[in-house]
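Following: one structure in structure tokens, then a few remarks.
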Amino acid sequence: MGLQQNFTFLHCADLHLDSPFRGIRSYSPVIAQKLSKAVFRSFERIIDLALQEKVDFVLLAGDLYDSADRSLSAQIALREQLVRLSYAGISAYIVHGNHDPLNGDQAKLALPDKVFRFKNEVEVFPLQTKDGLNIGNIIGYSYPESEENKNIARKMAESIQGAEGFNIALLHCNAGGIQDYANYAPCVLDDLRQSSIDYWALGHIHRPLVISRQDPVVVYPGTIQGRSIRETGAHGCYLVKVSAGRAIQSIFCPTDQIRWEEEEIDTSHLESDQDIFEALHALREKHRTIAEKRGIMLRVTLTGNTSLSRRLSREGYLEEMAEELNKTEETLSDFVWFERIQNRVHPLYPIENMRKTESFIGDFIREMDTFKSECCGRENFFSVIDEALGTTRWRGRELDSFLEELSAEEIREIVEKAMVQGLDGLLQGEDNLLCDL
């Protein structure tokens with residue numbers, strides 16, 4: 001069945017307006033301030049886009065705030081943008097997720113008339129275009145508390161089964177058990193397909209992800225602003241255009257103010273510190289060119305076998321290199337800030353051949369290989385070192401706090417670096433051994 005007219009809407013989620021940006025103090029005060037404002041600016045851009053495109057309504061699919069006890073400044077900022085929509089006659093539909101459940105502390109701020117916030121029960125509102133034409137229904141659910149373990153999607157599908165018109169479901173959930181995300185409001189794709197829903201507007205996954213392009217359309221817009229190196233690439237929202245013939249077009253629109261990126265530089269062909277500086281400078285200018293006037297937080301990993309490995313491994317050397325490169329960046333609107341330059345280079349000596357030898361060097365490499373394979377997580381890292389040292393006295397509150405921020409990959413990188421530095425120390429002055437390999 002067709003619709004009486006075309007309509008458009010914006011779908012965004014995971015605003016995390018009062019996000020603390022962990023590690024922000026390690027950057028310059030100017031860059032830290034830009035980061036702290038980036039999420040708010042991205043949301044302003046989303047509202048700018050809604051007004052520019054004259055959309056019929058805006059969907060916010062949960063985690064508007066980063067914490068259940070939302071900051072007053074974040075609540076005021078959200079309300080200001082919703083007022084802009086309301087003045088333009090654009091409705092906003094809101095659900096809350098695991099970070100901003102309904103039982104969190106909230107200031108008593110009146111929401112504009114055209115804002116509809118779903119309660120902690122499955123609710124259905126009539127769906128209207130900006131000029132008041134009824135086109136279907138929107139169904140949603142807000143988390144009462146920070147953990148929601150029930151299959152809410154199935155309940156939503158059942159409650160709207162057979163409904164006419166164009167139907168939208170607004171939910172914060174993990175559809176299909178997507179890895180690295182808590183399995184809140186768990187459901188599977190079949191739960192979403194077996195319904196009268198035309199568009200599932202989801203939140204919770206922090207990267208743009210289209211799970212199904214038709215019958216029904218199922219979309220995660222991702223967070224509106226990357227907040228760390230774990231959230232690289234473009235972030236923003238989806239502009240959704242629905243024709244009178246019910247054809248659905250979802251267009252991703254980047255709105256991020258600052259973007260996080262990762263790059264690698266193979267140092268195998270580089271012969272001097274100057275060569276590395278020039279390679280980093282060229283990489284910086286490449287990102288500035290394609291950044292479309294936004295700031296870039298760039299992490300670079302140096303790889304390859306190089307005669308410069310010993311110099312690059314010196315304590316604080318790469319940090320000093322990043323500091324020099326960043327000196328001229330903080331005052332620029334299109335800055336490219338080296339968030340970290342990390343060392344994953346290897347010396348020129350043949351590690352693979354040495355690994356096979358029946359010698360102290362070979363034993364050392366093989367033991368480090370085993371240690372690295374066992375350190376697949378923070379707790380494993382603790383237990384392996386506890387066993388090696390025969391004590392837990394090496395632990396401390398500050399070290400615990402630091403390790404909590406490390407991923408399994410970062411732990412493996414630490415162990416890899418320790419192996420290379422240990423091997424480098426063992427082989428100093430062993431030129432005869434190297435010649436024999």
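FYI, it's all coordinate maths here, none of it is from the lab. Predicted model, so just to flag it, every value in this text is computed and none were measured. Neighbour counts run over all protein chains shown; Cβ positions are idealised from the backbone, glycine included.
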Hey, got the Cα dimensions of segment 1-91 along the principal axes, in Å, largest first? 56, 26, 25
Within 9 Å, Cβ to Cβ, of residue 65, how many net charges do the neighbouring residues add up to if Lys/Arg are +1 and Asp/Glu are -1? -4
Sites residue 214 and residue 331 - FRET efficiency at Förster radius 60 Å, r taken between beta-carbons, to 0.05: 0.80
Share of antiparallel DSSP beta bridges in the chain, in percent to the nearest 5? 35 percent
Would you mind computing, in nm to one decimal, how far apart the modelled labels at residue 359 and residue 87 are, each placed 7 Å from Cα along Cα→Cβ? 7.6 nm
What nm value, rounded to one decimal, do you get for the distance between residue 188 and residue 317 when each label is placed 7 Å out toward the C-beta? 5.4 nm
Quick one: angle between helix 29-53 and the longest Cα principal axis of the chain, in degrees between 0 and 90, rounded to 10, please. 30 degrees
Hits among lysines - C-alpha to C-alpha of residue 34 under 24 Å, sequence gap 8 or more where chains match: 286, 293, 327
How do 326-338, 56-68 rank on mean C-beta neighbours within 10 Å, highest first? 56-68, 326-338
Taking only Cα atoms, what is the 0 to 90° angle, nearest 10, from helix 317-326's long axis to the longest principal axis of the chain? 50 degrees
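I need to check one value: relative contact order of the chain, counting alpha carbon pairs closer than 8 Å and at least 6 residues apart, in percent.
13 percent
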For residue 119, the aspartates and glutamates lying under 12 Å Cα to Cα, once residues fewer than eight places off in the same chain are dropped, come out as 145
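Please list the equivalent ellipsoid semi-axes of segment 176-230, computed as the square roots of five times the alpha-carbon gyration tensor eigenvalues, in descending order and whole angstrom.
22, 13, 8
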Residue by residue, what Karplus-based ³J(HN,Hα) values in Hz, rounded to whole numbers, does segment 119-125 have, using 6.51, -1.76 and 1.60 with θ = phi - 60° and x for Gly and Pro? 8, 8, 8, 5, 10, 10, 10
Taking Cα centroids, how far is segment 326-345 from segment 138-216 in Å? 39 Å
Pairwise Cα inverse-distance average, inverted: Kirkwood Rh of segment 125-197 (Å): 13.2 Å
For residue 285, the net charge from surrounding residues (Cβ-Cβ under 13 Å; K, R +1; D, E -1) works out to -1
Scoring segment 5-114 by relative contact order with C-alpha pairs under 8 Å, at least six apart, yields a percentage of 33 percent
Cα convex hull of the chain - mean projected area over all directions, nm²: 25.0 nm²
